[in-house]
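Working notes, beginning with the structure itself.
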Amino acid sequence: MTTDWQSSPVATDYAVDELMITTLAGLFKNGDQACNGMASFIPVSAFMLARLTHAPDLVWLASAAGLDPRPDRVPASTLEAPLWRDSVMYIEQYGDFWNLALNGRWIQKFCVGAAQLDRYGNANNSVIGDDYDRPQVRLPGTAGLADMGSIGKQLYFWNPNHSPRSLVEKVDFISAAGYLDGGDARERLGLEGGPEVVITNLAVMDFHPVSKQMRLQSVHPGVTVATVQKATGFELLMPEGSVPETAPPTEAQVRLIREVIDPDNMRKRGFRGG
Amino acid sequence: MQEKIATLSEAIELVGDGQVVALQNMATQAAPMALVRELIRQQKRDLALIVLVGGMAVDWLAAAGVIDRLIGAAVSMEQFGLCRQYRYAVEAGRIKVEELSESVLNARLGAGARNLPFLPTRGAIGTDLIARNPDNLKMLDDPFGGHPVLACRALVPDVALVHAHRADRYGNVQYEPTILWPDIGIMPMAAKRVIVTAEEIVDTEILRRNPDRTRLPGFIVDAVVEVPYGAHPTSFFPNYTYDSGFHREWAEAARDRATATAFIDRYVRTPSSQQEYVDAVGDVSELSTIQTAEHSG
């Protein structure tokens, strides 16, 4: 545990993956429960950072299975044994994990990567194209995401490639329910929770409390609003007043990410040129 | 107790063309790959495959033309990429996908195991998975007055294929302390038949020392085969890790039908035993460093 993270000056030397990690980490509070799925280097780095700084008691279920693990660093897979190192408990999946996840009292926040995300936060990891049985691209599939979208979780999306291909007017297939067609559509189905935040390589978005349309919350330092809008496949709502800049990481956070959490740069995977 | 010892060939002869086969697998983890190879060698056809998260096994079965349906939550080799041969087969319409969320798959198998017509879940409500699957998923009013739930129709696999750390000759199956994915927790209980490969067949006395580690009772198991490195190239914690080089080699071969076929000929169709397979792969012993690497601190 480092103690200088609070007093550390704002970093000038940092990469956007590090900014996304610190932004995501800031959303997890002490005592929250977090879990991760496969290829989830940004969330895993964020959980590890939170546990080393402001949220030492953040409960982490590595790969949704290994309770309170002590991985030596971010490994090449977020769904393999090195991530569960020194776990306190192996949580059996069929019964125990889903009893905990579906219950609603625990694991309230869930991080999601999605191939397509639309203006209402509906996510697609299933198929690209109109014909489900003969898709243009068969994506991996929804895995547990379709569950997490419907059982009261707060969904935090991360997207390393903000583009009109990944942020689309309407998803080709709803693999996970966002706000559906907006307004009170979720409530009418009895669904609680839903998308909260979208963190990309350009900006941070949230959702308007009434219309449930995606809204720009902040742009990353050096990125203009016009750039973000141009890279988005639909018109973003704007916040009241001027658009703030996303808070950059501190020097101590960057040092922790680079030297302690992820010295092998796994977090860069999935980024263009990463 | 009845003896269940079989060869790979005898075990897979229990699988008929067109059947529904549940396969233990989690991306790059814990797939009964020796059984998968035997499905290909015996040229099974028109199988439906149930996976939670399928990996290379799905890609091989797709490339070899063994499966025409997939029922599952995801297919991916994670760091080694999408399963291309599977993906191409789906895009060409040769494999039909029944995509389910994890809680829906668990509910379908759970209903199958408990002889119920369905089990409900709250997962997947609001998604397009439901409209795509009217035969198996229906919204249902809560008879007690709450919000509607999703009824998930019972799914009974004809056979479940699993790999384990050890078993005795009566088919009692033990796992070392490890992550237990739902496919171990529910697939064998739902299936009509269960085929197990184990890293080692041991005397029942060994199992009696740790009965809490016995996960499948012998009476539900139809065949058990001793297959060291039976999950290779997937990982089998704590015995061995995944084979990165082999995954990369396949991911490259899978870009093209001819190279995929050549790969499968070399590693699947040509070796006539597990030993010949291991010899074809090369030195696998270094994969076993997982235990010291993960536990030494």
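The values are calculated or read from the model by the stated rules, or taken from the named source; none is laboratory data. This is a predicted model, so every value here is computed, not measured. Because the Cβ atoms are built from the backbone with ideal geometry, glycine has one as well, and the counts that use them run over all protein chains shown. The accessibility values were calculated without ligands, DNA or RNA, using every heavy atom of the protein model including side chains. Shrake-Rupley method; radii C 1.70, N 1.55, O 1.52, S 1.80 Å.
Looking at the structure I just gave you, is residue A:88 of a type in the set (A, V, I, L, M) and either touching a Lys or Arg at 6+ places or on another chain (Cβ under 8 Å) or open to solvent by 30 Å² or more (accessible area, probe 1.4 Å) (or both)?
On the way: of a type in the set (A, V, I, L, M): yes; either touching a Lys or Arg at 6+ places or on another chain (Cβ under 8 Å) or open to solvent by 30 Å² or more (accessible area, probe 1.4 Å) (or both): yes.
Considered against the rule, which asks whether it is of a type in the set (A, V, I, L, M) and either touching a Lys or Arg at 6+ places or on another chain (Cβ under 8 Å) or open to solvent by 30 Å² or more (accessible area, probe 1.4 Å) (or both), residue A:88 comes out as yes.
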Note to self: Restricting to the range B:48-81, count the residues that are more than 16 Å from the chain's Cα centre (by Cα) and either among the small types (Gly, Ala, Ser) or open to solvent by less than 10 Å² (accessible area, probe 1.4 Å) (or both).
What the structure shows: 4
Next item on the list: Among the numbered conditions (1) of a type outside the set (A, V, I, L, M, F, W, C); (2) touching a Lys or Arg at 6+ places or on another chain (Cβ under 8 Å); (3) open to solvent by 10 Å² or more (accessible area, probe 1.4 Å), tell me where residue A:211 comes up short.
Entry: (2)
Notebook entry, point to check: Can residue B:167 be described as buried (at least 24 other Cβ atoms within 10 Å of the Cβ), more than 14 Å from chain A (Cβ to nearest Cβ) and among the small types (Gly, Ala, Ser)?
Noted result: yes
Check: Name the pairs whose Cβ atoms lie under 7 Å apart, with the first residue in the range B:185-197 and surrounded by fewer than 24 Cβ atoms within 10 Å (Cβ to Cβ), the second assigned to a strand (DSSP E or B), and 6 or more positions between them or separate chains?
Finding: B:192/B:159; B:193/B:159
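Could you check the range B:202-215 and list, in sequence order, the residues that are in contact with a strand residue (DSSP E or B) (Cβ under 8 Å, 6 or more places away or on another chain) and not in a loop (DSSP other than H, G, I, E, B)?
Looking only at the range B:202-215, we keep the residues that are in contact with a strand residue (DSSP E or B) (Cβ under 8 Å, 6 or more places away or on another chain), and these are B:202, B:206-207, B:210, B:213-215.
Across the range B:202-215, the qualifying residues are B:206, B:207, B:213, B:214, B:215.
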Note to self: Looking only at residues that are under 16 Å from residue A:143 (Cβ atoms) and more than 9 Å from every other protein chain (Cβ to nearest Cβ) in the range B:82-109, which one is most open to solvent (accessible area, probe 1.4 Å)?
What the structure shows: B:98
Checklist line | Answer from A:219, A:204, A:225 - the residue that is hydrophobic (A, V, I, L, M, F, W, C) and surrounded by fewer than 17 Cβ atoms within 10 Å (Cβ to Cβ) | finding: A:225
Next item on the list: Collect the residues in the range B:14-43 that are away from every other protein chain (no Cβ under 14 Å), within 19 Å of residue B:220 (Cβ to Cβ) and either acidic (Asp, Glu) or not in a loop (DSSP other than H, G, I, E, B) (or both), keeping them in residue-number order.
Entry: B:20, B:21, B:23, B:35
